[in-house]
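Have a look at the structure below before the remarks.
Values quoted throughout were computed directly from the atomic coordinates according to the rules given, and no laboratory measurement underlies them. Source: prediction; values computed, not measured. Because the Cβ atoms are built from the backbone with ideal geometry, glycine has one as well, and the counts that use them run over all protein chains shown.
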4 protein chains.
Amino acid sequence: MSELRVGIVGVGVMGADHAERVARKTSGARLVAVSDPDGERAERVAARLGARAIGDPLELIAAADVDAVILASPGFVHAEQLFACLEHGKPVLCEKPLTMDAESALRVVEAEHKLGRQLIQVGFMRRFDPEYAALKRLLDSGELGRTLVLHNVHRNKTVPATFRSEMIVRDSMVHEVDVARWLFDDEITRITVRTPKPTGLVGEGVLDPQLALFELAGGAMADVEVFVNFQVGYEVRCEAVAERGSATIGLGTGVVTRAGATCGTAIPADFRVRFEQAYDIEVQRWVDATVRGELDGPTAWDGYAAAAVCEAGLESLATGQPVEVALADRSAILG
Amino acid sequence: MSELRVGIVGVGVMGADHAERVARKTSGARLVAVSDPDGERAERVAARLGARAIGDPLELIAAADVDAVILASPGFVHAEQLFACLEHGKPVLCEKPLTMDAESALRVVEAEHKLGRQLIQVGFMRRFDPEYAALKRLLDSGELGRTLVLHNVHRNKTVPATFRSEMIVRDSMVHEVDVARWLFDDEITRITVRTPKPTGLVGEGVLDPQLALFELAGGAMADVEVFVNFQVGYEVRCEAVAERGSATIGLGTGVVTRAGATCGTAIPADFRVRFEQAYDIEVQRWVDATVRGELDGPTAWDGYAAAAVCEAGLESLATGQPVEVALADRSAILG
Amino acid sequence: MSELRVGIVGVGVMGADHAERVARKTSGARLVAVSDPDGERAERVAARLGARAIGDPLELIAAADVDAVILASPGFVHAEQLFACLEHGKPVLCEKPLTMDAESALRVVEAEHKLGRQLIQVGFMRRFDPEYAALKRLLDSGELGRTLVLHNVHRNKTVPATFRSEMIVRDSMVHEVDVARWLFDDEITRITVRTPKPTGLVGEGVLDPQLALFELAGGAMADVEVFVNFQVGYEVRCEAVAERGSATIGLGTGVVTRAGATCGTAIPADFRVRFEQAYDIEVQRWVDATVRGELDGPTAWDGYAAAAVCEAGLESLATGQPVEVALADRSAILG
Amino acid sequence: MSELRVGIVGVGVMGADHAERVARKTSGARLVAVSDPDGERAERVAARLGARAIGDPLELIAAADVDAVILASPGFVHAEQLFACLEHGKPVLCEKPLTMDAESALRVVEAEHKLGRQLIQVGFMRRFDPEYAALKRLLDSGELGRTLVLHNVHRNKTVPATFRSEMIVRDSMVHEVDVARWLFDDEITRITVRTPKPTGLVGEGVLDPQLALFELAGGAMADVEVFVNFQVGYEVRCEAVAERGSATIGLGTGVVTRAGATCGTAIPADFRVRFEQAYDIEVQRWVDATVRGELDGPTAWDGYAAAAVCEAGLESLATGQPVEVALADRSAILG
C-alpha cells in the first residue's frame, strides 16, 4: 500500500478541516470519499478536493477504494460506524468521544480485541502537539523526578448557548482526562467536580467555570479549571509539578521549566530546529505553486539584490566605512 | 500535473533534509532523483526514499521525469545549474546564495527575464516562518504606523573553524539582508559593517561578532548583530520599531507587540489555531502508521477510559461529591 | 509624635531583619529597644543598631520610650505579648500567626474591641507587595468583571525536617488564606485539604505537596498548591480568573493580564514609575555614604565624560559621521 | 553627624520628588530647606514637608543647617551652584547633566580635585536600579566571559514639542552613555549618531528616533536606539552580549540570561528576597499610620479569621474531607 486512500464521515467544521488536511497537507494519503447527512455539503467538499460524495456513511466505510476512515460525525453515531469499520477491517481515526457512554465504549474495546487487530485510534490530538509531546518527553526522562501534580487550565472564548454544564465535562474536560492519563501513564480512579458561583456572561443554569480534581491510581493528582466562556480567547495550559521542578506548556513559549533555581525555556542548538516549520511550509508552498505554474516566494531578483548588498558588506567589513550598494536598475532589466 | 516529481541536487545536510521533506512530509510531490558529488551518499539517500541516484547534476536537471529541481549544492556551482534549469524550463528552488557574486546573479536574473517565465525561487525560508509571516502581516496592516527601524540579532551556537569573517557576511548576514528588504519592501542602498573586539572563543583573525547598519532607499534603517560563536544556541530575533509601537519575533512566543501601553502576545480565538499543527501531525502520523499496518496514537481503551471518567465527572458535577471511577479490569479484557 | 520609637520582641531571622529595617531603611522611625530569649543575640543586634537590649519582653512593651512594638517572637507567646500591648496602649505589628488557635485569637479581637482603639496589625505582608497591590487594584476596578476563582501556588526551596504537615497549613497556607480573604473581600466558609502521594525528597510522614480548596461565602473558590520542598526556589503565584479575563502575579513580571485577546504586561508611562526604586535607593545610599563622609555613586568625572561624549554625539548628529571623543587625560587631572 | 540635613535647589517635577523622598522615605535624613525661582512653589513644598524656603539658591547652599545639597535645578545653573557647594565643602547630589558642556564640566572636576575631597555625585540613577545593578554584578562576575557588545533601547511615550534633536542626545542618550561607560568600566572614544527617516508623530525637523554607535577604548561597542515619541510608554532596555551568553534587563522580569542552552530568569531561594520590598513598605506604612494614630493594614480580625480557617484546614488535612469554618459573628463582636 503506497498511498492511503481515505474516506471521511462527517464534513462539518472538524471533518472539512480533516478533508482539506488529507487532500492537501498530508504526504502519502489521498482523499477519495466523504459522507455527510447534509448531502450538498458533502458534494461541495468532494468537488473541491477531487473526491466523491457517498450518501450512506456505512457505504463509505465499506467502499473497496477506501483503505481507512476518519470519523468526524457526531458522537452518538460513532458506535455503529466503529463497528462497521471493525467489520470491514478498516483502520479508523475517530474524533472524540469514542462513544457516548462508558458501557458502549467498552463494547467497542471488546469487539476490537476479539478481532485481534488494533484498528481504532481516538482523536486526542493533544498528544501530537509539539508542546505536549515535549512535556511528555521531559517528564518521562525522569530529569525532574517523579511527577506529583498537574495543574490544567482549559478555556474557550465563548461557546453557543446550547453548550450546557454536562457538555463542559464531556466535550472539554475530556481532553484534560486524556492528558492526565497520558502524562501520568495511569488510570484516574476518582473525580470531584466543583462549581464556583458562575460567570454572569453565560446562560441561566450553566455552571461555568468548573473545577475538577482527578486522583490517579498511583496517588498523583490533577486539578483542572474548565471555563468555556472566558471571553478572552482559547487557552490551554498544563503545569506538571515534579519532585525537582515543574514544567509548564500552553504559554505559547514551548516548555517553561522551573529547575535548578531558574525559570527558563530552551534555546535550540540548530537552525533546523528553529526553522523546521519554515522549511516545511516553504517546500509545500513551492510545490503547490509550481503545480499551478506560479511562483510564490523570493525571486531571482531577491537573490541578486542580496548578493549585491553582501558584496558591499564585505567591502565595509574590510574598511569599516559605509559602502553604497550599486544595484542595477530593476525596471531597465525586468521592465 | 497532479503530482510534482522533484529532483534534488546535493544531498548534504540541507539537501538530505529536503529529500526527506519532499518524500515524506510534502503533499502532492514525489522525490524521483537525487545527485551528489559523493555518489555513495546519493545512492544511500535515493535507496532510503525510493528515488534513483544520478551522477551528473545536469543530467538530473534534464531528466524527463523530473518536473522541478531543488538546488542544495554549494553556491559556486549554482550559476551553471540555474542556467541548466532555465534551459530545460524546470522550476527550481535554489538554496541561498543565488550565486557567489552580484554580477553573476544579475546574469541569472537577466536570463530568466529573457525566457519570459519566472522559474527561480531562492531559499530565503524565513519568509515562510509563521512568526516572520505574522510580523510581516502586522507591519503591512499599518496598525503600528510606518516602520522606522529594525533591530535584528542572528546567533549560532558555534561554527566550524573554516567559517571566516567573510562567510559571516555571505552566509549568515545575507538572511538579515533579505529580511530587511522583504519587511520594508525596499532596497538597501548603503551598508556599514563594524567589528567590536572579537570573542576569544574563535579562531585567530575571525571577526565575530559583527554589527551592521543597513540604510534603505526610503530612509528606514536596520541594525544587525551577527554572532556565529555565541556558545548558547541558535537565536534569531527581529524587532520592528514603528511609529505607534514595536513588534518582536524570535523569542519563541510568537509576535510580542508593544502598543497601547501594553507589551503582549495574542491569544488565539479558536482551538483550531492553537492546535492546527497537532492535527496535522496527528493525521500524518496516523496515515504513516496505517500504511505500515500499525497504530501510533490513543487507543480504543483510551477512549473508553475517558468516557468512564467523564461519566463519573457528570455524577460529581450533579452532587459536588467525589465519585469513584468504575473502570473495567483492563487485563481481563485485553489480556 | 514626630519620630516613632520602636521596640522589637524577638530578633531571630525575621526580627533581626525588622530591626535593621526600622533602624536603617524606615523614615520617621527609630529603633530603641530589642528583646530576645537569647540575651547575647539581643545585645549584639542592639549594639549594632544603636538600641538597647531588654531581657523581659513585657518590660520592653511597657517601656516609656517605646512608642510602638513589633512582635517577631514565636506564635505561642503572641497572646500574652499582645495583651500587654493592649494594656499599655501600644500599637503593635504582630508577625503571623496572631495566636496559635482561633479561640485565643478571638479573645485578642474582643479585648482590642473593648479597648475602643485598633492597635494590632498582623504581618500579612503580601498585601504590601507591589504586585499583589496592583492585582488587588485591578480586581477592585471591576475592569475584568467579577472575580470567580483564584489559583494560588506557594513553594519553598526546602524546609527543615522539623517542618511537619501541620506547619505547612499553619505557616505557609495561612498566607494564601489571607490572600483569598483579602482579594475577594469575603470570608472563607469551607476548606478541603487533599494530599497527593508525597515527594520522595521529604522526611517520612510529611504530606508535601498539599492541595487545598477554599470556598468563600459569596460562592467564589480558590485552589492552592503548597509545596515546601520544591527544591527549585521560593515561588509564590496567584492567578485571579474573572468574568472577562485573568490576571497573574508572581512571575517576576508584574501583573500579567489576559484580556481582550491579549496576554500582556503594562508598560509604564513615565520614567518615574520605572525608576522610582532606583531614585529611592540612590538617595538613601547617598545619604548613608555622606553621613560616613564617603562617596558611593557616579563622580564628577563621570559627569564630565558623559558631557564630552554628548558633545561629540551632537557633532555626529549634525554630520552623520563618526566623531572622536576628545577626553582629557584622567591621570594628569586626577593623579 | 547622626542625621543628614538636606537642602534641595529646584523643586520642579524632579526636585519635588526628591523633596518628598528625603522627607518621607529616606532613613537618617531630614529635609530642611528648598529653593526655587518660583518662590510660591518653594513655599508650598516647604510647608508641606516641614522645611523652609530660601529664595537664593546660593544662600541655601551656604546655610549652616544644610549639611548636604541636592541640585535639581536646570543644567545651565549647575556650574555656579556646584562651585558654591565645593566652596562651602557641602556634599552634593547633582541631577544630570553635570554642566552644559565638557569644558565647564572639566573645570568642575579640576576644582573638586584641587579641594582634595570628593563631594560631587552625579544623578545617573540607573546604577542604583536593582536590574542594572544585578546586570553589572553578573557581567563583573565573569560568568559569561568578556562582554562584547551592548544593545540599548531608550524610549519615551512622548516629549513636549520643545524637545529638539539635540536634547535627545543631551538629555536621553546621556543615560546610555553612562550605562555603557559603567558596564564596560571603560571610556567611549568614538560616537556615531545616525537618523533614519523620522516618525511622522513629531514636530517638523526633529530627528526621532536616533541610532547611535559607541566605541570604547578597549574595543567593545554599544549600539543605542533613542526614540522619545514612541507613543507606547517608557521603556529602557539593555542587552549585554558576552562571550558565553547574553543578559537582558528592562523587560520587567529582572535579568533574562541566555546561557547554557537556556533563556531564563532566576528564581529566588528565599522569601526574604522575593518579599523584601513588601516588608519595607509594610513597616514604612505601619510607622506612618501609627504616627498619625491610624491603622493601615491587616487587623486582628484578619489574624483571627486566618487562624480559624487554618484550624479547619488541619482537620481536613487529617480526614481528607471538606470542613466548614466556624467563624464567630463579626458584627456581634465588632459592632
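Residue by residue along D:23-36, Cβ atoms of other protein chains within 10 Å of the local Cβ number 4 on average.
Taking a straight Cα-Cα cut-off under 13 Å and skipping sequence neighbours fewer than 8 places away in the same chain, the aspartates and glutamates within cross-link reach of D:Lys157 are B:Glu243, C:Asp270, D:Asp208, D:Glu235. Across every direction, the projection of the convex hull enclosing the Cα atoms of the stretch B:4-123 has a mean area of 6.5 nm².
In whole angstrom, how long is each semi-axis of the equivalent ellipsoid of the stretch B:127-264, when you take the square root of 5 times every eigenvalue of its Cα gyration tensor and sort them from largest down?
The answer is 28, 17, 12 Å, longest axis first.
Of all alpha-carbon pairs in chain D, indicate the percentage at a distance above 32 angstrom. In whole percent, the long-distance tail amounts to 49.
Of the trypsin sites (Lys or Arg not before Pro) in the stretch C:28-122, which ones lie in a loop per DSSP and count no more than 16 other C-beta atoms within 10 Å?
Here the sparse-neighbourhood loop sites are C:Arg117.
Distance distribution note for the protein assembly as shown: the fraction of Cα pairs above 53 angstrom is 35%. In this structure, the residue pairs whose Cα-Cα separation is over 21 Å, taken from A:Lys90/A:Lys114; A:Lys90/A:Lys136; B:Lys96/B:Lys197, are A:Lys90/A:Lys136; B:Lys96/B:Lys197.
Build a GNM of chain C with springs between Cα atoms under 10 Å apart, and of C:Asp186, C:Asp296, C:Asp36 the one that fluctuates most is C:Asp296. When restricted to Cα atoms, the stretch C:271-334 yields an Rg and a Dmax of 16.5, 47 Å, respectively. Seen from C:Leu60, the other residues with C-beta closer than 11 Å to its C-beta sum to a net charge of -2, counting Lys and Arg as +1 and Asp and Glu as -1.
Among C:Val291, C:Val255, C:Val45, the largest mean-square fluctuation in a Gaussian network model of chain C, built with springs joining Cα atoms closer than 10 Å, belongs to C:Val291.
Can you give the net charge of the other residues whose Cβ lies under 15 Å from the Cβ of C:Gln231, counting K and R as +1 and D and E as -1?
Details: positive: A:Arg146, A:Arg244, A:Arg258, C:Arg155, C:Lys157; negative: A:Glu143, A:Glu243, C:Asp208, C:Glu225, C:Glu235, D:Asp270.
Within the 15 Å Cβ shell, the charges total -1.
Neighbours of C:Gly15 by Cβ distance under 9 Å: Lys/Arg scored +1, Asp/Glu scored -1, total -3. Which Cα, out of D:Ala19, D:Val92, D:Gln118, lies furthest along the positive dipole direction of the stretch D:4-123 (beta carbon charges, K/R +1, D/E -1)? Farthest along the dipole direction, towards plus: D:Ala19.
For the stretch B:137-166, the residues whose amide N sits under 16 Å from a probe point set 7 Å from the Cα of A:Val273 along the beta carbon direction are B:155-159. A Gaussian network model of chain A, with springs between Cα atoms under 10 Å, assigns the largest mean-square fluctuation among A:Asp140, A:Asp171, A:Asp302 to A:Asp302.
Based on C-alpha pairs under 8 angstrom that are at least 6 apart in sequence, chain A has a relative contact order of 11 percent. Here the label points at A:Glu59 and D:His113, each 7 Å from Cα along the C-beta direction, are separated by 10.0 nm in the simple model. So which GluC sites (Glu not before Pro) in the stretch B:290-335 pass both tests, a DSSP loop state and at most 14 other Cβ atoms within 10 Å of the Cβ? Those that pass, being in a loop and sparsely packed, are B:Glu294.
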